[in-house]
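The values are calculated or read from the model by the stated rules, or taken from the named source; none is laboratory data. Small disclaimer: the values here were computed from a predicted structure and weren't measured. Note that we place each Cβ from the backbone using ideal geometry, even for glycine, and neighbour counts take in every protein chain shown.
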Amino acid sequence: MGTLVFIQLDTPPTSHGFANPHLLVEGEWISGHINDANVRIMDIRSKDEYTQSHIENAVWLEFESLRVAVNGVRGMVAPKYVIESFLGDLGLTSGVTVVIYDKGDSLDAARVFWTLEYYGHEDVRILNGGWSKWVADGNPVTEEIPTFEKTIYNTTLRPELLATAEYILQNLENPDVIVLDVRTSEEFNGIDVRAKRGGHIPGSVNVEWTKTLNPDRTFKPSDELVRMYREVGVTGDKEVVTSCQTGHRASHGYFTMRLLGYTTRMYDGSWEEWGNRDDLPKE
């Protein structure tokens, strides 16, 4: 397995107990680094929401532009040249710390987080509670849109962060690999069918992604998450492959595993691929 390397800025101690607490920043951290040249804040809400108001020095990224259909499978990660173009347009370099925020539940932010890590960006973080908590806490906002000089951004692919259908098939009987399905229980059990077939990958376990969040949409503490996942057999001594319908919610699961320090990869095709292929087993 590859080892992710991070450029550590002064991450303050937290009470959350995460193995990788630097991946999840609070509003106070943003306030302290809002003008740092080596920090880029990324707003991935709608363009209208961003234009109305956003965090100072935040740039806007069109979230859906990072996803494409591949061989009929929707929601797959965009190719290298697309990612490089978007990141270069935002003036990013590989040494910049990227902090992403969405409306609040970190669902969209986690998809961008995984995409940037998959393409080799070394220091990517998420604002805990996103825009909603930033505003609720009374932090300042602005309408001023910052500009940064464009760069040539070169990606370095990290294939060990991506699971394919073939990889999962090869590891169905591997006790050291577990598939964590973060869809609803209705989807998992084949009641809510969103593909040709309903159900789930054989041997996979189900914990819906929303169960990781507090009512204010911030992440629950580490001990609560570890206990919840342990109940279904997801533990730190296994590689956790996260899956959902289109790799969107699975990215949230991936980010949660990264917070806990677990070895993880994300199945980008997820049930959109698996559920539409008759040659793959299902339960």
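Identify the residue in region 13-65 that is within 30 Å of residue 165 (Cβ to Cβ) and modelled with pLDDT of 95 or more and, among all such residues, is farthest from the chain's Cα centre (by Cα).
Step one: filter region 13-65 for residues within 30 Å of residue 165 (Cβ to Cβ), giving 19-20, 23, 44, 61-65.
In the following step, the residues that additionally are modelled with pLDDT of 95 or more were identified as 19-20, 23, 44, 61.
Details: 19: 17, 20: 14, 23: 11, 44: 13, 61: 15 Å.
Here the residue is 19.
Let's see how each residue does on (1) surrounded by 14 or more Cβ atoms within 10 Å (Cβ to Cβ); (2) in contact with a strand residue (DSSP E or B) (Cβ under 8 Å, 6 or more places away or on another chain); (3) closer than 17 Å to residue 269 by Cβ:
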residue	(1), (2), (3)
71	no, no, yes
87	yes, no, no
92	yes, yes, no
99	yes, yes, no
108	yes, no, no
135	yes, no, no
154	no, no, no
173	no, no, no
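Taking residues in region 25-37 that are surrounded by 13 or more Cβ atoms within 10 Å (Cβ to Cβ) and among the aliphatic types (A, V, I, L, M), and partners anywhere that are modelled with pLDDT of 95 or more and not in a helix (DSSP H, G or I), the pairs with Cβ atoms closer than 6 Å and at least 6 places apart or on different chains are 25/99; 25/125; 25/127; 34/56; 34/57.
Residue 116 meets each of the listed conditions (1) modelled with pLDDT under 95; (2) assigned by TED's automatic domain parsing to the domain that holds residue 66 apart from (1). In region 181-196, the qualifying residues are those that are of a type outside the set (Lys, Arg) and in a loop (DSSP other than H, G, I, E, B), and the one that is surrounded by the fewest Cβ atoms within 10 Å (Cβ to Cβ) is 191.
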